[in-house]
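So the structure is just underneath, and the comments pick up after that.
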Amino acid sequence: MARTASSYRCSECGWTTSRWVGRCGECQAWGSVSQGPAPSGRLTSTAPLEPALPIGRVPLDEARAVPTRIGELDRVLGAGITPGAVVLLAGEPGVGKSTLLLEVANRWARTGRRTLYVTAEESAAQVRLRAERTSAVVDGLYLAAEDDLGTVLGHIEQLAPELLVLDSVQTVQVPGSDAAAGGVAQVKEVTAALVRVAKRRAMPVMIIGHVTKEGTVAGPRTLEHLVDVVLSFEGDRNSGFRMLRASKNRFGPADEVGCFEMVESGIRQVTDPSGLFTSQHVEPTPGTCLTISLAGRRPLLAEVQALVAPSPAPAPRRVTHGIEGSRVAMILAVLQRRAGVRLHNKEVYVSTVGGARIADPATDLATAIAVASAAGDRAFRKPVVALGEVGLSGELRRVPGLDRRLAEAARLGVQVALVPPGGSTKVQGIQVIEVGSVDAALEVLQLRRKPRPERESDGPRPRFTVMDGGWQAEEPGA
């Protein structure tokens, strides 16, 4: 009788081999290859429990999202938590993942829905202390300190909750397994079991996950494929501001962002976060410029600050915070080569206000203006919003969502905006000035020490004069 051969399969990508190896030959993942029975090549059909239905007859009642009563979370999820959905919330240690989901469980239980909070990292008494501090003690919220998957499933069968919160998936172990909790096989099996029970009982499940030092979700890549929603909770430990992003969402948009703030009493949502990223100056200050970045579909007002100082060293320092360093280096080179701003012997420091992280190319012009203003030690009297992506030749490129950005700037009281040519519309309450290059933007704001001679290839350049009400274009030939 022939023996059935065994094969080894990668849990990350599905690659198979006839012998065990420590590293997958396809995706190069370490420790993801495990033994399993070889496929026999013979498949048998199974009678379905329920017949297939025409798509128009599939009931929608079980897929209606239920609001969590936390507006910023509902914004990211779409409209709330969908019954049977499995949501994975990942973030760095101490960012506030457990506090956020405890608040979700609290508000869910206060609507009369039974909620089960399972903690595998803390004791029930420790969670109770945090609940006392955040006013999350409610009769409909049940706590269980368990790290065994079988016991967790037993609590679900006994209690029949309408929401399950698990903290965290990397600390729960499959019964009867000798592998350590948090391993690739363990995390995959725990998640798959929770997905099955969530779909069978139409019970939403929210799982807390760890992240690696690179910032990605810890565990196998299949973990993100198994769940319905993947949320990332981001924030600086030195700042109380937190941002919730969705990288995967089967029930809503995957580009929305929710804003929260950590306070002494727990966590609270921030419905208008623009004021957190700007500073209040009594007098005009050189080296500052406002911009509008898009976080998902939400426009956020941000302030870029720059400081330029003489450098005694042959290699001046370039320090950035909140903005990508390579992007700032490119803008500095454009300022030096295309706009005549001498920075080769100066130290340049660029930062954002309030710990904001800006990755939107539309904020390039604001960075250039802030650096030029600091280099010339000149300030403009009125707040200016600058929008535009800077090219290597110094030109300004159009940015998406310009109307939404300008509307947000007008709502916050900004009166002047510099934008790339074309695509802009009139927005009530704000004066829009189109500029085609970084050099032209600096000339409008009178930040250039010596005007560059015009060349015929440049074509006619608009001239502006500083008026009490803002910047006004001069008539040609005036």
On each of the three principal axes the extent of the alpha-carbon atoms of the chain, given in whole Å and largest first, is 96, 56, 54
Note, region 350-358: 3J(HN,Hα) by Karplus (6.51, -1.76, 1.60, θ = phi - 60°), whole Hz, Gly/Pro = x, goes 10, 8, 9, 8, x, x, 5, 10, 10
Return one number: the angle in degrees, 0 to 90 and rounded to the nearest 10, between the long axis of the Cα atoms of helix 97-110 and the longest principal axis of the Cα atoms of the chain. 70
Here the net charge surrounding V385, from other residues whose Cβ is less than 12 Å away from its Cβ (Lys, Arg +1; Asp, Glu -1), is +1
What list of ³J(HN,Hα) values in whole Hz, one per residue of region 78-84 in order, does the Karplus curve 6.51 cos²θ - 1.76 cosθ + 1.60 (θ = phi - 60°) give from phi, with Gly and Pro shown as x? x, 9, x, 8, 7, x, x
Folded to 0 to 90 degrees: helix 124-133 orientation relative to the chain principal axis, Cα: 30
Give me the distance in nm between label points sitting 7 Å out from Cα along the Cα-to-Cβ direction at V263 and S279, one decimal. 2.5
Those GluC sites (Glu not before Pro) from region 207-277 that are DSSP loop and have at most 16 other Cβ neighbours within 10 Å turn out to be E214, E264
Give me the net charge for the shell around V229: Cβ to Cβ below 9 angstrom, other residues only, Lys and Arg +1, Asp and Glu -1. +1
Quick query: amide H of V384 versus all other amide H atoms, modeled in the peptide plane; which residues come in under 5 Å with a sequence gap of 5 or more or a different chain? L290
For n ≥ 4 DSSP H runs only, could you compute -39500 (n - 2.57) per run for the chain, divide by its residues and tell me the 222 nm figure to the nearest 500? -7000 deg cm²/dmol
What residues qualify as long-range amide H neighbours of R298, i.e. H under 5 Å apart, gap of 5 or more or another chain, H built at 1.01 Å from N? V257
If one compares the long axis through the Cα atoms of helix 149-159 with the longest principal axis of the Cα atoms of the chain, the angle in degrees, nearest 10, works out at 80
FRET efficiency estimate (nearest 0.05) - Cβ-Cβ, Q126 to I55, R0 56 angstrom: 0.75
On the formula 1/(1 + (r/R0)^6), with r taken between the Cβ atoms of Q28 and R397 and R0 of 41 Å, the FRET efficiency rounded to 0.05 is 0.65
Using 0.36 nm per residue, how much length does the chain from V21 to D255 gain when fully extended, once their Cα-Cα distance is taken away? 80.4 nm
Share, in percent, of DSSP beta bridges within region 116-267 that are antiparallel, nearest 5: 55
Arrange the peptides 51-60, 163-172 so that the one whose residues have, on average, the most other Cβ atoms within 10 Å appears first. 163-172, 51-60
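Each reported figure results from applying straightforward, stated rules to the coordinates on display, with no laboratory input. Worth saying up front: this structure is predicted, and the values here are computed from it rather than measured. Here Cβ is always computed from backbone atoms with ideal geometry, including for glycine, and neighbour counts include all displayed protein chains.
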